[in-house]
Amino acid sequence: MPVVMVKEGKTTIAYLSGEIDHHSAALLREEIDFSVEQTLPEILILDFQKVTFMDSSGIGLVMGRYKLMNSIGGQVKVVNPKPRIKKMMELSGLKLLDVL
Amino acid sequence: MKVLNEMTVTFESRSVNEAFARTTATAFFVSIDPTVEELADLKTAVSEAVTNAIVHGYRDSFGRIKMKVRLLESRTAYIQIKDFGVGIPDVRQAMEPLYTTDPDGERSGLGFTMMESFCDKVTVRSKVGKGTTVTLWKQFTEKERA
């Protein structure tokens with residue numbers, strides 16, 4: 001499973017793993033959005049600890065979830081990215097969305 | 001620059017081949033033992049270029065992607081990714097950060113930005129109706145002799 005969804009109170013955590021590219025992002029998006037629509041959390045946490053590779057599709061994945069959470073009045077937080085992935089997120093301007 | 005080693009692979013524009021392409025391209029350079037960080041840079045750049053070919057070059061169709069990988073002198077990696085798809089009408093605009101023709105598909109518009117950040121040089125040649133060729137150059141650092 002590339003993503004495990006866990007609900008804790010008003011927070012839903014997505015434990016991501018493996019490589020995030022355009023191919024895998026489509027499946028991740030589906031799984032996360034389905035869970036968010038079921039649980040309607042106030043905070044969606046994207047845990048990147050077990051993500052070993054990411055290209056700009058990962059940025060798109062975070063931006064898309066930001067939009068989704070924004071539409072239901074919630075917020076997104078990215079936690080535990082490896083230094084390289086964090087650098088890519090900073091480079092992309094995701095910092096401005098206050099998700100890091 | 002002198003070519004020291006070369007391989008060419010051709011594969012279909014299926015998204016499942018993104019991982020194959022970036023892994024194969026980087027594996028070609030293991031003999032000169034680049035750093036893990038340098039290989040990760042190249043892996044990211046190849047992934048971006050191949051994804052562009054799949055998502056944009058062959059938007060509503062499938063086609064071939066040809067990847068030529070060369071080791072040049074001075075520890076320089078050369079990777080050419082060629083598609084025979086729709087082409088890009090305005091390359092300069094396509095390379096602008098955050099520009100995307102696919103706003104609903106969750107593309108961040110950062111593909112070329114990532115390629116440029118992780119390589120020394122990126123060139124793009126494209127002709128509408130004929131296809132696009134992206135070439136990446138990256139020089140690996142000298143190994144310290146023990």
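Each value in this text was obtained by applying a stated rule to the coordinates, not by laboratory testing. Everything quoted here is computed from the prediction, not taken from an experiment. Cβ placement follows ideal geometry from the backbone for every residue including glycine, while neighbour counts extend to all protein chains displayed.
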Q. DSSP beta bridges in the protein assembly as shown, what fraction antiparallel, as a percent rounded to 5?
A. 75 percent
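What is the dipole size for chain B, taken about its Cα centre, with +1 at each Lys and Arg Cβ and -1 at each Asp and Glu Cβ, in debye to the nearest 20?
640 debye
Counting other Cβ atoms within 10 Å of each Cβ, which GluC sites (Glu not before Pro) in the range A:1-91 have at most 16 and sit in a DSSP loop?
Values: sites: A:Glu8, A:Glu19, A:Glu30, A:Glu31, A:Glu37, A:Glu42, A:Glu90; in loops: A:Glu42.
Answer by residue number: A:Glu42.
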Q. Out of A:Ala14, B:Val55, B:Thr24, whose Cα points farthest toward the positive end of the dipole of the protein assembly as shown (charges: +1 Lys, Arg; -1 Asp, Glu; placed on Cβ)?
A. B:Thr24
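Fewest Cβ neighbours within 10 Å first, please rank A:Phe34, B:Phe29, B:Phe11 accordingly. Working shown, then result.
Numbers: A:Phe34 11, B:Phe29 20, B:Phe11 16.
Exposure proxy ranking, most exposed first: A:Phe34, B:Phe11, B:Phe29.
Could you work out the relative contact order of the range B:3-139? I mean the mean sequence separation of Cα pairs under 8 Å and 6+ apart, divided by the number of residues, in percent.
Values: 257 pairs, mean separation 38.3, N = 137.
Result for the range B:3-139 is 28 percent.
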Q. What residue among A:Asn80, A:Leu46, A:Tyr66 has its Cα farthest toward the positive end of the dipole of the range A:3-97, where the charges are +1 on Lys, Arg and -1 on Asp, Glu, each on the Cβ?
A. A:Asn80
Q.
Quick check: pseudo-label points 7 Å beyond the Cα along Cα→Cβ at B:Thr123 and A:Leu40, how many nm apart are they?
A. 5.7 nm
Q: Please grab the % of Cα pairs in the protein assembly as shown that end up more than 31 Å from each other.
A: 26 percent
**Q.** Lysine pair number, Cα distance threshold 12 Å (strictly under), the range B:26-146, separation 8 or more or different chains
**A.** 6
Q. Using Cα atoms only, what is the angle between the long axis of helix B:17-27 and the major principal axis of chain B, expressed in degrees (0 to 90) to the nearest 10?
A. 20 degrees
Q.
So if a site counts as exposed when it's one of the GluC sites (Glu not before Pro), its DSSP state isn't H, G, I, E or B, and it has at most 16 other Cβ atoms within 10 Å, what's the longest stretch of chain B without one?
A. B:1-72
